[in-house]
Amino acid sequence: MTLRLGVFGGTFDPVHIGHLLVADAVVEALGLDRLLFVPAQRSPLKADDPRATDSDRVAMLEAATAGDGRFTVHRVDLDRPPPSYTVDTLRLLAEAHPGAELTFVVGLDSFLDLSRWRDPAGIAALAYLAVVDRPGIAASSAERDVRLSAATATLPALLGRWTLIDAPLIDLSATDIRRRVADGKSIRWRVPEAVADHIATHDLYRRTT
Ligand code: ATP
């Protein structure tokens, strides 16, 4: 039987319940066997506030996903030199899982911008795309659908290769979590308890200046 594998990339600095609900919705909607969380290298351009190391981000992802056999953390983008283009990540994962059917999870904002990514047709050839909406990207579902039609019309390779996933809309980002920690506010319910414990124990995201 074909292995149906999801691929969810991001900085996950830290992983939060928005990510986990998206992952759960994609696996459920598409009947995936497994979903890989693929932490990206951190962008040096966004280094102006406290960030976690690669090993802390991986540890938090592992703690968050430990109780769910459908989820795995994969270091493919951490264990090779940057830049990590999605098309290369997918090619490496396809080689590591021969015969698997890949589904790449992508936020609506990124998907609308796909024509500017490296080799979008290669991405669509390697993986089916599961698009997830996020609060604040489109003003209404009608506007979202117009923008989706316009964006996909310019990329014929996407025809029949993507779907919009009906996931809960959670207005939460890793930036919000880092800010709350820096401001001394609670992050309870916004991240799994094990992630909050890791952040507290390792003193992450606290402003030093
Ligand atoms: P940051 O605030 O540091 O930019 P983030 O939480 O917005 O972090 P990533 O950790 O890079 O983003 O997220 C990985 C992927 O998850 C991206 O595709 C992003 O669009 C998506 N994502 C993050 N938060 C949500 C959310 N609340 N709802 C839907 N998708 C989300």
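Count of region 89-111 residues, restricted to those that are within 15 Å of the ligand (Cβ to nearest atom) and either open to solvent by less than 30 Å² (accessible area, probe 1.4 Å) or closer than 18 Å to LEU78 by Cβ (or both), is 9.
With respect to ALA182, determine if the residue is within 16 Å of the ligand (Cβ to nearest atom) and touching a Leu at 6+ places or on another chain (Cβ under 9 Å). Against the criterion (within 16 Å of the ligand (Cβ to nearest atom) and touching a Leu at 6+ places or on another chain (Cβ under 9 Å)), ALA182 does not qualify. Output the qualifying pairs, or none if there are none: Cβ atoms under 6 angstrom, residues six or more apart or on different chains, first residue in region 163-182 and closer than 19 Å to ALA130 by Cα, second residue more than 8 Å from the ligand (Cβ to nearest atom) and modelled with pLDDT of 95 or more. Within 6 Å, the pairs are LEU164/VAL131; ILE165/ALA25; ILE165/VAL26; ILE165/ALA29; ILE165/ALA130; ALA167/ALA25.
Against the condition open to solvent by less than 30 Å² (accessible area, probe 1.4 Å) and either at pLDDT below 90 or in contact with a Phe, Trp or Tyr (Cβ under 8 Å, 6 or more places away or on another chain) (or both), how does ALA174 come out, does it pass? When the stated conditions are applied, ALA174 passes them. Taken together, the criteria exclude GLY31 from residues that are farther than 28 Å from ARG147 by Cα and away from the ligand (no atom under 15 Å from the Cβ). When PRO135 is tested against (1) modelled with pLDDT under 90; (2) touching a helix residue (DSSP H, G or I) at 6+ places or on another chain (Cβ under 9 Å), just one condition goes unmet, and that condition is (2).
Just checking, does region 66-80 include any residue being surrounded by fewer than 22 Cβ atoms within 10 Å (Cβ to Cβ) and assigned to a helix (DSSP H, G or I)? No, there is no match, as no residue in region 66-80 is surrounded by fewer than 22 Cβ atoms within 10 Å (Cβ to Cβ) and assigned to a helix (DSSP H, G or I).
Residue by residue, here is whether (1) under 27 Å from HIS97 (Cα atoms); (2) in contact with a Ser or Thr (Cβ under 8 Å, 6 or more places away or on another chain); (3) modelled with pLDDT of 95 or more holds:
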site	(1), (2), (3)
GLY122	yes, no, yes
LEU126	yes, no, yes
ARG147	no, no, no
ALA150	no, no, no
ALA196	no, no, yes
ILE199	no, no, yes
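The set of residues from region 1-28 being part of a strand (DSSP E or B), within 11 Å of the ligand (Cβ to nearest atom) and under 10 Å from PHE71 (Cβ atoms) comprises just one member, PHE8. Among the residues examined, THR86 does not qualify as away from the ligand (no atom under 12 Å from the Cβ) and either within 24 Å of HIS202 (Cβ to Cβ) or crowded, with 18+ Cβ neighbours inside 10 Å (or both). Is it the case that region 35-56 has a residue that's outside any loop (DSSP other than H, G, I, E, B), open to solvent by less than 20 Å² (accessible area, probe 1.4 Å) and of a type in the set (Gly, Ala, Ser)? There is no residue in region 35-56 that is outside any loop (DSSP other than H, G, I, E, B), open to solvent by less than 20 Å² (accessible area, probe 1.4 Å) and of a type in the set (Gly, Ala, Ser).
The values are calculated or read from the model by the stated rules, or taken from the named source; none is laboratory data. Only a predicted model underlies this, so the values are computations on that prediction, with no experimental measurement involved. Note that we place each Cβ from the backbone using ideal geometry, even for glycine, and neighbour counts take in every protein chain shown. SASA here: full protein model, heavy atoms, side chains in, ligands and nucleic acids out. Shrake-Rupley method; radii C 1.70, N 1.55, O 1.52, S 1.80 Å.
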